[in-house]
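Asker: Pasting in a structure now, in C-alpha cells, and then I'll have a few things to ask.
Computed from the coordinates by the stated procedures, all read-outs in this text should not be read as laboratory data. Quick caveat, the model's predicted, so the values are computed rather than measured. Heads up, the Cβs are rebuilt from the backbone with ideal geometry, glycines too, and the neighbour counts pull from every protein chain shown.
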Amino acid sequence: MSVLSGKNILLGITAGIAAYKTASLVRLFVKSGAHVKVVMTPASKEFITPLTLSTLSKNPVHSSFTNEENDVWNNHVDLGLWADIFIIAPATANTLSKMAHGGSDNLLLATYLSAKCPVYFAPAMDLDMYKHESTTSSFEKLQSFGNIMIPATSGELASGLVGEGRMAEPEDIISFIEADILGKLPLNGKKVLITAGPTHEAIDPVRFIGNHSSGKMGFEIAKAAANLGAEVVLISGPTHEKVVHNFIKVIPVTSADEMYQEVHKYFNNVAIAILSAAVADFKPKEVALQKIKKKSDTLTLELERTKDILASLGAIKKQQFLVGFALETNNELENAKQKLKKKNLNLIVLNSLQDKGAGFKGDTNKVTFIDNKNNITEFQLKSKTEVAEDLLNEILKQIHA
Ligand code: CTP
C-alpha cells in the first residue's frame with residue numbers, strides 16, 4: 001500500500017507541453033489509492049483537455065474563479081484546505097515566478113496562496129529559462145517558503161534543444177513524493193515488534209486451552225506504527241484479523257512457546273516492542289498424542305507455566321522501548337505498576353475489565369498508560385484504532401523526551 005493511499009491530492013497544471021503527461025500522473029495517483037482533484041491555469045487547457053482530467057480523476061476540473069455553466073464561485077480556499085498535498089506539475093517559469101511573488105491572477109495561484117498543506121512543484125521549461133537567474137531565484141524563494149522542488153531532468157526539449165528542463169516523469173514524481181513523505185515520518189527506518197491475539201495450548205490433537213482475545217488491539221497498533229513509517233513485525237496467535245500493508249510482516253503462531261521463539265528472533269534489532277498478546281499463562285504438561293476418550297466422569301489435566309515472553313525481554317533489553325499490557329479486574333493500578341517494575345518495562349497499558357467496552361473483544365478499549373517514572377495518563381473509552389494512535393504518540397513522546 002502506498003503512503004499516498006487515502007490522501008487528498010490537488011494537482012495544479014500550468015501551460016507547458018509536459019501537461020500532456022499529467023493524464024498518466026492523475027492515473028498513477030488514483031492507482032495509489034489517492035483522491036485527486038485538478039486545478040488548471042486557463043492557458044494549460046490548450047495542452048490537455050479538462051474532460052480527460054475529470055474523467056481520470058473522477059472529479060470536476062476547475063480553471064476559473066466562477067463556474068462557466070451556473071456562475072457559481074469556485075472556492076479556492078475550500079480547494080486549498082481540502083488538499084493534503086498540492087503538486088504543481090508542470091510548473092512553468094511564469095507560474096513559479098508569480099507563486100514566489102504572491103501573484104493570484106488565476107484560480108491555481110489563489111489556491112496556492114490559500115493552501116496550508118505541503119506543496120511540491122515540478123518545473124518544466126526550456127534549458128535557458130531553467131538556468132536563468134530569475135528562475136533559479138524563484139526556485140530558491142519557493143523552497144525558502146517550505147515548498148518542495150522536484151527537479152527537472154535532462155533530455156530532449158520541445159524546442160529541439162537538449163538539456164535540463166524536462167519535467168520529471170510521472171512515475172518519478174510519484175516516487176519522489178512517496179519517499180519525501182516516508183522520510184519525514186517519525187518512525188521511518190525504525191523496526192517495531194508487536195505481539196497480538198491469544199495463544200492456543202494443545203491438550204490433544206483436537207483440543208486446546210485458549211482465551212477470548214480477538215487480536216484487534218495488536219493489529220490496530222501494527223497499523224498505527226506502520227502508518228508512522230515503521231517496519232513492523234507482527235507476531236500473532238490464532239485470529240480472524242487480517243492486514244495488508246507493505247510495512248507489516250505477519251508471523252502467525254499458535255502456542256506460547258512458538259510466540260516466544262519468534263519474538264526472540266527479532267527482539268535484538270527492534271527499537272520498540274509492544275506485547276499486546278493474551279498469552280496463556282499455563283499449558284498442559286503432557287500433550288496427548290491421540291484424541292482423549294471420555295472413559296471416566298472426570299478428567300484432570302496437569303498444567304505447567306508457560307514462559308513469560310514479556311519478562312524475558314525485560315531481562316535482556318538494551319535500547320528497546322518495551323511496552324506491556326495488563327488486563328486487570330481489581331486493584332488495577334497497583335497490579336499494573338507491579339508488572340511494569342517486575343518485567344522491567346518502559347510503559348504498561350492497563351485495561352480494566354471493570355470498565356464497560358474495555359478489554360478483549362469489541363472495537364473499543366479504555367486504557368490507562370503508566371510509565372516507569374510513575375506518570376499515569378487515563379483515557380476515555382475510544383475505538384481501538386484511536387487507542388493505538390494514542391499509544392504510538394505516547395511512545396514517540398517518551399523516546400524523544
Ligand atoms: N505476557 C507474555 N507472556 C506470557 C504472559 C504474558 O508476554 N506468558 C505479556 C502479555 O502480552 C502482556 C503482559 O505480559 O503484555 C501481561 O502480563 P501478565 O503478568 O501475564 O498479566 P496476566 O496474564 O494478567 O497476569 P496475572 O494473571 O498474574 O495477572
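Asker: Of Ser236, Pro50, Leu327, which is farthest along the charge dipole of the chain in the positive direction, counting Lys and Arg as +1 and Asp and Glu as -1 at C-beta?
Answerer: Most positive-ward Cα: Leu327.
Asker: Using unit Cβ charges (K, R positive; D, E negative) and no other charged atoms, how large, in debye to the nearest 20, is the dipole of segment 121-201 about its Cα centre?
Answerer: Around 400 debye, computed over segment 121-201.
Asker: Once the Cβ-Cβ distance between Asp105 and Met1 is put in as r, and R0 is 35 Å, what FRET efficiency do you end up with, to the nearest 0.05?
Answerer: 0.30
Asker: What pairs from Lys307/Lys361; Lys307/Lys342; Lys318/Lys342; Lys7/Lys116 go past 19 Å between their alpha carbons?
Answerer: With Cα atoms farther than 19 Å apart: Lys307/Lys361.
Asker: Only four residue types carry charge here, +1 at the Cβ of Lys and Arg and -1 at the Cβ of Asp and Glu. Report the dipole size of segment 8-184 about the Cα centre in Debye, rounded to the nearest 20.
Answerer: Charge dipole of segment 8-184: 320 debye, to the nearest 20.
Asker: Springs between alpha-carbon atoms under 10 Å, Gaussian network over the chain: tell me which of Leu109, Leu275, Leu347 tops the mean-square fluctuations.
Answerer: Highest fluctuation of the listed residues: Leu109.
Asker: Then there is this: Using each residue's phi in segment 96-111, evaluate 6.51 cos²θ - 1.76 cosθ + 1.60 at θ = phi - 60° and report the 3J(HN,Hα) Karplus result to the nearest Hz, with x for Gly and Pro.
Answerer: 4, 5, 5, 4, 5, 10, x, x, 8, 8, 8, 4, 4, 5, 5, 5
Asker: With a cut-off of 13 Å, note down the residues of segment 373-401 whose backbone N falls inside the zone around a label point 7 Å from the Cα of Asp363 toward its beta carbon.
Answerer: 382-386
Asker: Then there is this: Once the other residues with Cβ under 14 Å from the Cβ of Lys31 are scored (Lys, Arg +1; Asp, Glu -1), what is the net sum?
Answerer: Value of the local net charge: +1.
Asker: Further, regarding this structure: So if each residue of separation counts as 0.36 nm, and I subtract the Cα-Cα distance between Glu378 and Ser54, what length gain in nm does that give?
Answerer: Net length gain for the segment: 111.9 nm.
Asker: Oh, and also: Just want the ordering: Ser134, Ser97, from fewest to most Cβ atoms lying within 10 Å of their own Cβ.
Answerer: The most exposed by this proxy come first: Ser134, Ser97.
Asker: Can you spot the lysines whose alpha carbon is less than 23 Å from Lys295's alpha carbon? Ignore those fewer than 8 places along the same chain.
Answerer: Lys283, Lys285
Asker: Moving to a separate point now. Can you find, among Gly33, Phe176, Ile150, the residue farthest towards the positive end of the dipole of segment 8-184? Put +1 on the C-beta of Lys and Arg, -1 on that of Asp and Glu.
Answerer: Going by the Cα projections, it comes out as Gly33.
Asker: Give the share of C-alpha pairs in each 10 angstrom bin for the chain, from 0 to the last occupied bin, in whole percents, shortest bins first.
Answerer: The distribution over the chain is 5, 19, 22, 16, 15, 13, 7, 3, 1, 0, given as percents.
Asker: Tally the DSSP beta bridges in the chain and give the antiparallel ones as a percent, rounded to 5.
Answerer: Roughly 30 percent of the DSSP beta bridges within the chain come out antiparallel.
Asker: Determine ³J(HN,Hα), in whole Hz, for all residues of segment 18-29 in sequence, where each value follows from phi through the Karplus function 6.51 cos²θ - 1.76 cosθ + 1.60 and θ = phi - 60°; x replaces Gly and Pro.
Answerer: With the stated coefficients, segment 18-29 comes to 5, 4, 5, 7, 6, 4, 5, 4, 4, 4, 5, 4 Hz.
Asker: Which of Gln354, Leu391, Gly218 sits closest to the plus end of the dipole of the chain, meaning its Cα is farthest towards the positive end, when Lys and Arg get +1 and Asp and Glu get -1 on the C-beta?
Answerer: Going by the charge dipole, the pick is Gln354.
Asker: Stretched out fully, how many nm does the piece from Asn344 to Leu81 gain, at 0.36 nm a residue minus the Cα gap?
Answerer: 90.1 nm
Asker: Something else: Dipole of the chain, Cα-centred, from +1 at each Lys and Arg C-beta and -1 at each Asp and Glu C-beta, to the nearest 20 debye?
Answerer: The calculation lands at about 1500 debye.
Asker: Over segment 8-184, what is the percentage of antiparallel beta bridges among all DSSP beta bridges, to the nearest 5?
Answerer: Once the DSSP bridges in segment 8-184 are tallied, antiparallel ones form about 20 percent.
Asker: Starting from the Cα of Phe282, step 7 Å along the direction of its Cβ; do the same at Thr153; then give the gap between the two resulting points in nm.
Answerer: 6.6 nm
Asker: So what is the diffusion coefficient of segment 193-322 in µm² per second by Stokes-Einstein at 4 °C and 1.567 mPa s, using a Kirkwood Rh over Cα pairs?
Answerer: My calculation gives 83 µm²/s for D.
Asker: Hand me the trypsin sites (Lys or Arg not before Pro) from segment 83-148 located in a DSSP loop with no more than 15 other Cβ atoms within 10 Å, in residue order please.
Answerer: Here the sparse-neighbourhood loop sites are Lys116.
Asker: Exceeding 27 Å between C-alpha atoms, which entries from my cross-link table qualify? They are Lys21/Lys131; Lys265/Lys293; Lys190/Lys384; Lys31/Lys265; Lys249/Lys337.
Answerer: Long pairs (Cα-Cα over 27 Å): Lys265/Lys293; Lys31/Lys265; Lys249/Lys337.
Asker: Select from segment 294-352 those trypsin sites (Lys or Arg not before Pro) which occupy a DSSP coil region and have at most 12 other Cβ atoms within 10 Å, ordered by residue number.
Answerer: Lys294, Lys295, Lys318
Asker: Using alpha-carbon positions, what is the distance between the centroids of segment 22-37 and segment 110-129, in Å?
Answerer: For segment 22-37 versus segment 110-129, the Cα centre distance is 18 Å.
Asker: Apply the Karplus curve 6.51 cos²θ - 1.76 cosθ + 1.60, θ = phi - 60°, to the phi angles in segment 174-180 and return the couplings in whole Hz, x for Gly and Pro.
Answerer: 4, 4, 4, 5, 4, 5, 5
Asker: Hey, another quick one. Near the amide H of Ile203, under 5 Å away, which other amide H atoms are found, from residues 5 or more places off or on another chain, if H is placed in the peptide plane?
Answerer: Phe208, Ile209
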